[in-house]
Structures are given as structure tokens and as C-alpha cells.
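The structure under discussion appears below in the form of C-alpha cells.
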Amino acid sequence: MSGCAADEVVEAPPMPSAPPSAAPSPSRPAPGAARLRAGLLPTPKGMSLAYGPEIGAFGSLKSTKQGLDAVRQAKLDRPECAGAAQLDAARPEVGRAPAAVVAFSSDRGSITQALVSMPASAFPAPLPAQCAAYGAVVHGTRVTYRTRALDMPRRGDESRAYLTTASGGRRAAQVGSVVIRRGKVIMSMLVVGQQVAPADLFELAGLADQNLARITR
């Protein structure tokens, strides 16, 4: 979250409704990067493809490196909160894992989605209490981050969702984040905008989970 400056994002677009998710199948082998690519979201209506799809080791992907660079450049009051409750590509076992990433954008916001093939034990832990509110200096601007857990309907074998409000500089922004695990695949999604409605985030998560179910059957 710390890499997103509050004056660099705009409102996210409304999301399509999601069909019911399928039952998980934990016995299937972990899919490789090429199969993961087939599970990514298509371009949402009203948005354009901004990046990818790119496949390969998660830590080697362009978007992952950019995210890590942004975190390194930010000066956090609580460094332990960098990447909290998200997939941490700085961990060797995560950085080496097969992955597929795509991003979409419009004048109202952006969506970034990653699918990573790795053991269930790599599913991100819940947000630590001390990371619910903290400050950081991002590109010279003082930004305050406040995060709350969302009561999202369960998706896959495990799932969590959060909404972070970043305030500072000329604008405020929100980042909706979702992580879902089905079998040996973990999906991470970030929706960035001036306002991110939880209901829209949940609908998009449902659509992503349907695709995730298809490649993990």
C-alpha cells in the first residue's frame, strides 16, 4: 500500500456482477505460469489494458519490481507494515513462485491482479493490529494510511478483503485489496480509486474467484 501516493489515483469504475464460485479441488497439482495466465480477468468494461498479461517468477515480473521499488522509496513510520496482509515478493519462496499479472486502467481508477502458484502455507496472515493506521513519506508527501477489514463473503478455500484510505497531499485515495486461495493458487487484487465501494470490490472478487476455480479444478 505504501507505494501509492494519494495524489496519483482516481476513482475506480463500477464492477460487473460475479457468478457463483465453484467448489475447490485441493488434490490437483499446482498450475504453472501459463495456466495461471488463463485464469486472469478479462479487460473490464470501460477500462483498457495497462500492463501484461506477464508470466514468470513472481519476483521477476515488471509490476512486482515496480511495487518493491515504491515500497523501498517510501519512508514508513512502521516498516513492518510494508506489504502486510499481501503477498510479499521479497520473501524468496514467494519471489520464485510461478505467477501471472495483469493491470487495467481508466480515468477513474486501476485494477491490478496477480495469480501465484504456491503452497497454502504462503497465504498472507491477517493484518497486524499496529498496521491498521500508520504514516509514511511518499515522494516527499506525508501520507496517512488507515485500513479496515471488510466482511466479504468467503471465496475459495480462504479469502480476506481490506479497504485502505490514504490521505495527504492534494487528494485522498482508497485502495481495496483482496486475497483468495484455491488449492495451490493465491490470487491478489488491488483496486485503486478516489472511492472504492466494498460491494463493487466483492463483485469483482467473485468474478476473479470463478476464473480461479476454473484453472484449479
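The values are calculated or read from the model by the stated rules, or taken from the named source; none is laboratory data. If you're wondering where the values come from, they're calculated on a predicted model, not measured in any experiment. FYI the Cβ positions are ideal-geometry reconstructions off the backbone, even for glycines, and counts take in every protein chain you see. Quick note on the areas: whole protein, heavy atoms, side chains included, nothing else; ligands and nucleic acids left out. Shrake-Rupley method; radii C 1.70, N 1.55, O 1.52, S 1.80 Å.
Identify the residue in the range 184-207 that is outside any helix (DSSP H, G or I) and farther than 15 Å from Ala103 by Cα and, among all such residues, is most open to solvent (accessible area, probe 1.4 Å).
Gln195
Out of Val179, Val143, which single residue is surrounded by 21 or more Cβ atoms within 10 Å (Cβ to Cβ), modelled with pLDDT under 95, out of contact with any helix residue (DSSP H, G or I) (no Cβ under 6 Å at 6 or more places or on another chain) and not in a loop (DSSP other than H, G, I, E, B)?
Result: Val143 is the single residue among Val179, Val143 that is surrounded by 21 or more Cβ atoms within 10 Å (Cβ to Cβ), modelled with pLDDT under 95, out of contact with any helix residue (DSSP H, G or I) (no Cβ under 6 Å at 6 or more places or on another chain) and not in a loop (DSSP other than H, G, I, E, B).
Looking only at the range 154-173, filter to residues that are open to solvent by 70 Å² or more (accessible area, probe 1.4 Å) and in a loop (DSSP other than H, G, I, E, B); which one of those is modelled with the highest pLDDT?
Per the criteria, the residue is Arg154.
Provide a single number: the residues in the range 51-87 that are open to solvent by 60 Å² or more (accessible area, probe 1.4 Å) and outside any helix (DSSP H, G or I).
Total meeting the criteria: 4.
Does the range 89-131 hold any residues that are within 17 Å of Val179 (Cβ to Cβ) and surrounded by fewer than 18 Cβ atoms within 10 Å (Cβ to Cβ), and which are they?
Residues satisfying the conditions are Ala90, Arg91, Glu93, Pro119, Ala120, Ser121, Ala122, Phe123, Ala125, Pro126, Pro128.
Determine which single condition Ala205 fails, assuming it passes every other condition in (1) modelled with pLDDT of 95 or more; (2) over 13 Å from the mean Cα position of the chain (by Cα); (3) not aromatic (Phe, Trp, Tyr).
Against the list (1) modelled with pLDDT of 95 or more; (2) over 13 Å from the mean Cα position of the chain (by Cα); (3) not aromatic (Phe, Trp, Tyr), Ala205 comes up short only on (2).
Filter the range 22-46 down to the residues that are open to solvent by 50 Å² or more (accessible area, probe 1.4 Å) and touching a helix residue (DSSP H, G or I) at 6+ places or on another chain (Cβ under 7 Å), then identify the one that is modelled with the highest pLDDT.
Applying the filter and picking the extreme gives Ala38.
Go through the range 52-78 and give me each residue that's among the β-branched types (Val, Ile, Thr) and either in contact with a Ser or Thr (Cβ under 9 Å, 6 or more places away or on another chain) or at positive phi (or both).
Within the range 52-78, just Val71 meets the criteria.
Pairs under 6 Å by beta carbon, first residue in contact (Cβ under 8 Å) with a residue 40 or more places away in the chain in the range 115-144, partner of a type in the set (Asp, Glu), six or more apart or different chains?
Filtered contacts from the range 115-144: Phe123/Glu158; Tyr134/Asp77; Gly135/Asp77.
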